[in-house]
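**Student:** There's a structure below that I have some questions on.
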Amino acid sequence: MFFRCLGLAILALTLTGCAKNPVTGESQLSLIAEDQELAMGAEQYTPTQQTQGGQFYLDPELTLYVRDVGQKLARVSDRPDLPYEFVVLNSSVPNAWALPGGKIAINRGLLAKLQDEAQLASVLGHEIVHAAARHSVQRMQQGMLISAGVAGLGIALSDNEWAGLLMGGAAVGAQLALAQYSQGDELESDYYGILYMRRAGYDPTAAVELQQIFFELSKGQNPDFIQGLFATHPPSAARVKANQVLVNKVGAGGYRGKDVYDRKLATLRKLQPAYDAHDKARKLASEGKTYEALEEITKAIKLAPDEALFYSLRGQIYKQQKKPDQASKDFDKAVSLYPEMFLYRLYNGMNALELNNLDEARENLTQANRVVPTSIGFLRMGDVAAKQGKKDEAAGYYRKAAEAGGDVGNEARQKLENLSRQG
């Protein structure tokens, strides 16, 4: 669907010209029709969520709260009829993003840094403007003028561990979520986001406060924010000044909602020590300190025994220790707690393949690639098919994996050659 829309948009280059920006009223390039814009966002919303941590499911009431705040702002936006959706993601990285069509996400890591509902409204209002003003679509269109293909979109992926393994539309969704906005887009989103806050009854001073905090943190090179919010939404002194000028014009004052925010964040704050232990364990594991990492992740599991993320990490640590049988139990547990999450399925499938549990490997890898297609998923599905004597099927998976670059693509091409030599 996405690539069909993309192809239609490229074809439209000769058929369309300028249109009005739905927010500012200014003329702008229009190659992608609104129905295509909506289709892109709807198609990529779930896979993009999953590449950024998946849903924070331990506190569904928190997601409902974020949705309620988001919808208050969406109703007073310049595109109130967009099919807005809001989700909380299970990532400690402080960040928020918007896909075309009003598909918006905020990480629990950013929620934990905010102080009241007005600050949350500032973040969500900002993202609503990005969607309403078609900022992602505009960046895509600029890429199309350079090249008529996805590789020419000119959008940089972060150093996300899955960046080089995502395939098809999932890769494009991740690019849109992780791409850095221009200064013009950021100032525009700040400006209209403050107007939306005012219309919805929030104190727009919260937007100035946040930008001031973010700017100070950026000078201190805060690592959490650098890999998250600052990578996609660069702060600046100009933004702080512009926000203050606008607030002076429209007037400060309005709802802050600190008491409500504190109540709604109570569960997340109670769980924070568990996520801190997880993050520490992940860092230790990356340094090869697997026994120390096991201690920390076991602490996290004791504090939050229903968090799939923790079992997945412990399974990975056991894999590092060459203990696939123990890893299998944790990967199974992660899948049982969050069966829709592609990453847990992928880990489970690859581990099952190592243990020669081919039916289990096939099931998990197939489910993983249905949600988020990855080159490593196709490669290992080829390995399963080859072990089961299904050479034609294996060749098809290897050809798909070979479309990727890097080590995965090279391995897939080598295995294709081996199959062809076997006749």
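The values are calculated or read from the model by the stated rules, or taken from the named source; none is laboratory data. Because the structure is a prediction, the values reported are computed rather than measured. Neighbour counts run over all protein chains shown; Cβ positions are idealised from the backbone, glycine included. Note: accessible area is taken over every heavy atom of the protein model, side chains too, but ligands, DNA and RNA are not part of it. Shrake-Rupley method; radii C 1.70, N 1.55, O 1.52, S 1.80 Å.
**Student:** Here is a list: E37, E61. Which entry is open to solvent by less than 10 Å² (accessible area, probe 1.4 Å), among the acidic types (D, E) and either modelled with pLDDT under 90 or in a helix (DSSP H, G or I) (or both)?
**Tutor:** Going through E37, E61 in turn, just one is open to solvent by less than 10 Å² (accessible area, probe 1.4 Å), among the acidic types (D, E) and either modelled with pLDDT under 90 or in a helix (DSSP H, G or I) (or both): E37.
**Student:** How many residues does the stretch 246-292 contain that are more than 30 Å from D68 (Cβ to Cβ) and either in a helix (DSSP H, G or I) or aliphatic (A, V, I, L, M) (or both)?
**Tutor:** Total satisfying the criteria: 11.
**Student:** Just to be sure, is K322 surrounded by fewer than 16 Cβ atoms within 10 Å (Cβ to Cβ) and either assigned to a loop (DSSP other than H, G, I, E, B) or touching a strand residue (DSSP E or B) at 6+ places or on another chain (Cβ under 8 Å) (or both)?
**Tutor:** Here the answer is yes, as K322 does meet what is asked.
**Student:** Condition first: in contact (Cβ under 8 Å) with a residue 60 or more places away in the chain and under 16 Å from N351 (Cα atoms). Now tell me which residues in the stretch 378-408 satisfy that.
**Tutor:** The one that is in contact (Cβ under 8 Å) with a residue 60 or more places away in the chain and under 16 Å from N351 (Cα atoms): F378.
**Student:** Can you name every residue in the stretch 43-74 that is touching a residue at least 12 places away in the same chain (Cβ under 8 Å) and of a type in the set (A, V, I, L, M)?
**Tutor:** Of everything in the stretch 43-74, those that are touching a residue at least 12 places away in the same chain (Cβ under 8 Å) and of a type in the set (A, V, I, L, M) turn out to be L58, L62, V66, V69, L73, A74.
**Student:** Being surrounded by 13 or more Cβ atoms within 10 Å (Cβ to Cβ) and among the charged types (D, E, K, R), is that true of even one residue in the stretch 242-255?
**Tutor:** Checked against the condition, which is being surrounded by 13 or more Cβ atoms within 10 Å (Cβ to Cβ) and among the charged types (D, E, K, R), the stretch 242-255 yields no hits at all.
**Student:** If a residue has to be crowded, with 18+ Cβ neighbours inside 10 Å, part of a loop (DSSP other than H, G, I, E, B) and not polar (S, T, N, Q) to count, how many in the stretch 64-83 make the cut?
**Tutor:** Result for the stretch 64-83: 2.
**Student:** Under 22 Å from T63 (Cα atoms) and modelled with pLDDT under 95: does that describe G220?
**Tutor:** So G220 does not fit the description; no.
**Student:** With a cut-off of at least 2 residues that are under 30 Å from F310 (Cβ atoms) and either small (G, A, S) or open to solvent by less than 50 Å² (accessible area, probe 1.4 Å) (or both), name the helices (runs of 4 or more DSSP H) lying wholly within the stretch 343-423.
**Tutor:** In the stretch 343-423, the matching helices (runs of 4 or more DSSP H) lie at 358-371, 375-387, 406-422.
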